[in-house]
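Right, one structure below, let's go through it.
The values are calculated or read from the model by the stated rules, or taken from the named source; none is laboratory data. All values reported here derive from a predicted model rather than from experimental measurement. Note that we place each Cβ from the backbone using ideal geometry, even for glycine, and neighbour counts take in every protein chain shown.
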């Protein structure tokens, strides 16, 4: 499981014909260069409503076709798969349109700002027979793959006893790490996206809800994956400050108590760790800053019986980047038809969880 995705050989006759929507920070700094660098990806088209910016990015990367919006790209019969980076509420609508146009979709998180929007996106994919992958790059980190493998093994062999608690601590920090990938700019205004949220949520909470969702959907998704919890997640307790982000949330994830600790520090380091406690030890991982290339998550395994032992295994990472590995995974799975590791159907659970968190948060403040 922890083998490099880049080592998986494909016997494809044809490359996946690919297009991208958006030329913002993540598109230029991360996704466009990564997809351009995949031999089995034929990068044919770029769509951007800021035409001067789009043309500059098209020229920099030698992308053959340019479209002024995603609907124009959707009409290109040669494109079979599309990546999407756009403002949070807007990108879900773009993904839905492209799925309806029979394109496979790779999109940034969050997949949707409400369960209602998520279900409409998935319905479009089901009707067209096309699939959606959400860019949860933490699932493609070689260190995290080793953590999942280790946790599953110890749950099965019983060596560390019963699982007691899982916690994820995320106080953020410098996530860009001086990434020096060139970025084109113009004076054009980016597309507007209204602050949106679930229809039941009072509008004064939309901004904090979106902020909390877009930041911590990674953390909830990672814990669910480590614990193999699937849809079996219940929100048990919510204790967030007035900012709607700082505090903790307690879950039942498939019978395991799990905690998300959220907040921020005025600190240059990236402060995120996940620890899974058993009766006789733990498995712990430290996340690298998001845009730090070629550094997988660090791992610690502690055995606490008569002879106490700490181990720090190193994953077979091939010095590659989780963002690159998720792009490779998408292209490989579009070609093979195999399921995505971070599918839209799985991500629907994350959207539901965040609605549940905020429903409890707002209700406890006497506003529901």
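Screening 325, 359, 333 for residues that are touching a helix residue (DSSP H, G or I) at 6+ places or on another chain (Cβ under 7 Å) and within 24 Å of residue 92 (Cα to Cα) leaves exactly one candidate, 325.
Filtering 338, 309 for residues that are surrounded by fewer than 13 Cβ atoms within 10 Å (Cβ to Cβ) and assigned by TED's automatic domain parsing to the domain that holds residue 299 leaves a single hit, 309.
Scanning the range 240-254 for residues that are in contact with a strand residue (DSSP E or B) (Cβ under 9 Å, 6 or more places away or on another chain) and outside any strand (DSSP E or B) yields 241, 245, 246, 254.
One residue is enough: does the range 66-89 have a residue meeting the conditions modelled with pLDDT of 95 or more and on the phi > 0 side of the Ramachandran plot? Checked the range 66-89: no residue is modelled with pLDDT of 95 or more and on the phi > 0 side of the Ramachandran plot.
For the range 312-336, a residue qualifies if it is within 19 Å of residue 284 (Cβ to Cβ) and in a helix (DSSP H, G or I), and exactly one does: 322. Of the residues making up the range 186-217, those that are in contact with a helix residue (DSSP H, G or I) (Cβ under 7 Å, 6 or more places away or on another chain), part of a loop (DSSP other than H, G, I, E, B) and closer than 30 Å to residue 293 by Cβ are 186, 188, 191, 193. Taken together, the criteria place residue 144 among residues that are under 17 Å from residue 288 (Cα atoms), modelled with pLDDT of 95 or more and not assigned by TED's automatic domain parsing to the domain that holds residue 108. Criterion applied to 263, 281 was being more than 30 Å from residue 208 (Cα to Cα), at pLDDT 95 or above and surrounded by 15 or more Cβ atoms within 10 Å (Cβ to Cβ), and the one residue passing it is 281.
Once the range 91-102 is narrowed to residues that are free of Cβ contacts under 8 Å to residues at least 40 places away in the same chain and within 14 Å of residue 19 (Cβ to Cβ), the residue that is surrounded by the fewest Cβ atoms within 10 Å (Cβ to Cβ) is 102.
Out of everything in the range 291-306 that is under 16 Å from residue 179 (Cα atoms) and without any contact (Cβ under 8 Å) to a residue 40 or more places away in the chain, what residue ends up being surrounded by the most Cβ atoms within 10 Å (Cβ to Cβ)? Filtering the range 291-306 for residues that are under 16 Å from residue 179 (Cα atoms) and without any contact (Cβ under 8 Å) to a residue 40 or more places away in the chain, the one surrounded by the most Cβ atoms within 10 Å (Cβ to Cβ) comes out as 295. The sole residue among 345, 328 that is on the phi < 0 side of the Ramachandran plot, modelled with pLDDT of 95 or more, within 21 Å of the chain's Cα centre (by Cα) and surrounded by fewer than 18 Cβ atoms within 10 Å (Cβ to Cβ) is 345. Residues that are touching a strand residue (DSSP E or B) at 6+ places or on another chain (Cβ under 8 Å), in contact (Cβ under 8 Å) with a residue 60 or more places away in the chain and either outside the structural domain of residue 33 (by TED's automatic domain parsing) or surrounded by fewer than 18 Cβ atoms within 10 Å (Cβ to Cβ) (or both) within the range 57-90 comprise just one, 78.
Does the range 223-239 contain at least one residue that is in a strand (DSSP E or B), on the phi > 0 side of the Ramachandran plot and free of Cβ contacts under 8 Å to residues at least 60 places away in the same chain? So that I can check it myself, show each step before the final result.
The first filter runs over the range 223-239 and keeps only residues in a strand (DSSP E or B), leaving 233-239.
Still in the list and also on the phi > 0 side of the Ramachandran plot: none.
No, the conditions are met nowhere in the range 223-239.
The single condition among (1) under 23 Å from residue 160 (Cα atoms); (2) touching a strand residue (DSSP E or B) at 6+ places or on another chain (Cβ under 8 Å) that residue 307 does not meet is (2).
For the range 147-159, the criterion of being closer than 24 Å to residue 107 by Cα, surrounded by 14 or more Cβ atoms within 10 Å (Cβ to Cβ) and without any contact (Cβ under 8 Å) to a residue 40 or more places away in the chain is satisfied by no residue at all.
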